[in-house]
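Every number in this text was worked out from the coordinates using simple rules, so none of it is lab data. Predicted model, so just to flag it, every value in this text is computed and none were measured. In this analysis, Cβ positions are derived from the backbone assuming ideal geometry, glycine residues included, and neighbour counts consider all displayed protein chains.
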Amino acid sequence: MSSPKEPKNPSTELCRAGVVKDPAYKAVSPPLYLSTTFGWDDATTRPPFDYARSGNPTRALLEETLAELEGGARGIVCATGMAAIGLPLTILSPGDVLIAPHDCYGGTHRLLTALAKKNHFEVLFIDQTDKAALDAAFARTPKMVLIETPSNPLLRITDIADVVARAKKAGALTAIDNTFMSPVLQQPLALGCDIVIHSTTKYINGHSDIVGGAVVAKDASLGEELAWWANCMGVIGAPFDSFMTLRGIRTLSVRMERQQATAGALAERLDADPRVARVYYPGLKSHPGHEVATRQQNGFGAMLSAELVSDADTDKFLAALDVITLAESLGGFESLVCLPDSMTHAGMAPEARLEAGITPTLARFSIGLEDEGDLWADLDAALAAAVG
């Protein structure tokens, strides 16, 4: 009897997923299956794949890869990141309480607010770094807690272990958006979470050429329930997008290593620059969540935000950038900048943005694979144009 295989480093798993597992020809690169339907041997024996909404070999390989990376029992690949956010919400019923971060991604805030208005559930938006706010929220006996750490765009760090302990005591499920970190830099299921959510559009694919999402459940029965809803509602990802994501994920470890190294260096330079009022990056020792981030993450990631000084001309700053592109999204090979107040978080009510700390002069950066010196020269020139 052979002994169980030793778990491999994530870099190895990323490279080996699906290699020579093609049943027809042992293709090194897993094939793309585009068929919408599959043949049956007889009318009573369901084959492994029958209809593409219910299952597809290419999508299944991506689901298995993500589940293995996150240490979960079941992965479900969705059409978009927002479809992945919405999938766990199917568990909730009218009257259930959902605790959510007050400074989450604008699209998530918009979805939760809209569904709560329709009485799908009750949502409590709170600062999850505030112990008193957590105490008050958990006194409401929530059914689910949604965590986003680091948060988008202010990179606040929520203590996952603390929230998980509170949730278990309350009998609540814990779901976490792990998009900013990826499975390489943060393992929420190992910290006790029940569900991990990703916008695979971002770091997992890493090439800004597909839109997708994923949900990974720690427990097999919960995973089956979520997979049933994904099939029922048809929010599943397309085969070609899954194929492209599998191709992109191969380099996730090396991309994250390079991008976060550059982000850390730029954060330190911006933090020391008098033209910048404040830098939000968990890798800075001055960041209020630095200690917690060090404990629960394997790195600090490649996202950072900066508040320009009050008299800075934001339009001039953006116009002067050459290497860094003004655009929404994040996690690709290219460096991007956006103003959350008018772009990614514009769907939030103005008072909600203000409460979260999102101001018109806050810039969010996704640091890519460009040379660090070129990126700093770009930022320096833009700051000179904005502040003088």
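Could you list the residues of region 181-211 with an amide nitrogen less than 12 Å from a label point located 7 Å from the Cα of Asn231 in the Cα-to-C-beta direction? Of the residues in region 181-211, none has backbone N under 12 Å from the label point off Asn231.
Over 24 Å apart at the Cα level, from the set Lys26/Lys218; Lys131/Lys202; Lys131/Lys168; Lys118/Lys143, are Lys26/Lys218; Lys131/Lys202. When the charge dipole of region 10-249 is built from unit charges on Cβ atoms (+1 for Lys and Arg, -1 for Asp and Glu) and taken about the Cα centre, the candidate among Thr65, Ala17, Val215 whose Cα reaches farthest toward its positive end is Val215. The 3J(HN,Hα) values that the Karplus relation (6.51, -1.76, 1.60; θ = phi - 60°) gives for region 272-289 are, in residue order, 8, 8, x, 7, 10, 6, 7, 10, 10, 7, x, x, 6, 5, 7, 5, x, x Hz. Gly and Pro appear as x. Each of Val337, Leu266, Gly289 was scored by the projection of its Cα onto the charge dipole of region 252-387, and the greatest displacement toward the positive side belongs to Gly289; charges sit on the C-beta of Lys, Arg, Asp and Glu. About its Cα centre, region 1-115 has a charge dipole of approximately 180 debye under the convention of +1 per Lys or Arg Cβ and -1 per Asp or Glu Cβ, with nothing else charged.
Spatial offset of region 350-388 relative to region 199-213 amounts to 22 Å, using the alpha carbon center of each. Take the Cα of Glu122, step 7 Å toward its Cβ, do the same at His290, and the gap between the two points is 4.0 nm.
Distance between the modelled labels on Thr90 and Glu13, one decimal in nanometres: 2.5 nm (7 Å Cα→Cβ projection). Less than 5 angstrom separates the built amide H of Leu326 from those of Val337, all sequence-distant by 5 or more or on a different chain.
Among the listed options (1) 81, 52, 38; (2) 75, 49, 34; (3) 75, 49, 39, the one matching Cα extents along the principal axes in Å as calculated from these coordinates is (3).
With 0.36 nm allotted per residue and the present C-alpha distance subtracted, the Asp380-Thr141 stretch has 81.1 nm of extension available.
Note that region 152-164 has calculated 3J(HN,Hα) couplings of 10, x, 8, 6, 5, 10, 8, 6, 4, 4, 5, 5, 4 Hz, one per residue in order, obtained from phi through the Karplus relation 6.51 cos²θ - 1.76 cosθ + 1.60 (θ = phi - 60°); glycine and proline are x.
In order along region 226-234, the phi-based Karplus estimate (6.51 cos²θ - 1.76 cosθ + 1.60, θ = phi - 60°) of 3J(HN,Hα) comes to 5, 5, 4, 5, 4, 5, 4, 8, x Hz; Gly and Pro are listed as x. The mean sequence separation of alpha-carbon pairs under 8 Å and at least six residues apart, normalised by the residue count of region 236-305, gives a relative contact order of 33 percent. The fewest-to-most ranking of His345, His207 by surrounding Cβ atoms within 10 Å reads His207, His345. From helices alone, the chain scores -11000 deg cm²/dmol at 222 nm; the rule is -39500 (n - 2.57) for each run of n ≥ 4 DSSP H residues, then divide by the residue total. What separates the Cα centres of region 66-139 and region 285-319 is a distance of 24 Å. Using the average count of surrounding beta-carbon atoms within 10 Å as a protection proxy, the listed peptides 99-106, 335-342 rank, highest first, as 99-106, 335-342. In this rough spin-label picture, where each label sits 7 Å from Cα along the Cβ direction, the Ala165-Ala190 distance is 2.0 nm. Summarising the amide proton neighbourhood of Tyr280: residues at separation of 5 or more, or on other chains, whose placed amide H is nearer than 5 Å comprise Ser305, Ala306, Glu307.
Close amide-amide hydrogen proximity is noted between Ile147 and Ala175, Ile176, Asp177, each under 5 Å apart and 5 or more residues distant or on a separate chain (H modeled in the peptide plane; Pro and chain starts excluded). Residue exposure proxy: Trp376, Trp228, ordered by other Cβ atoms within 10 angstrom of their Cβ from fewest to most, comes out as Trp228, Trp376. Residues Asp127, Asp41, arranged from fewest to most other Cβ atoms within 10 angstrom of their Cβ, appear as Asp41, Asp127.
Along the axis of the charge dipole computed for the chain (Cβ charges of +1 for Lys and Arg, -1 for Asp and Glu, origin at the Cα centre), the listed residues Trp40, Leu173, Thr200 are led at the positive end by Trp40.
When the dipole is taken about the Cα centre of the chain, and only Lys, Arg (+1) and Asp, Glu (-1) are charged at their Cβ, what size is it in debye, to the nearest 20?
For this selection, approximately 960 debye.
In percent, rounded to a whole number, the relative contact order of the chain is 17, using alpha-carbon pairs under 8 Å and six or more apart. Please give the net charge around Pro360, taking every other residue with its beta carbon less than 11 angstrom from that of Pro360, where Lys and Arg add +1 and Asp and Glu add -1. Residues close to Pro360 contribute a combined charge of -2. Sites listed here are trypsin sites (Lys or Arg not before Pro) in region 262-347 whose DSSP assignment is loop and whose Cβ has at most 10 other Cβ atoms within 10 Å: Lys285.
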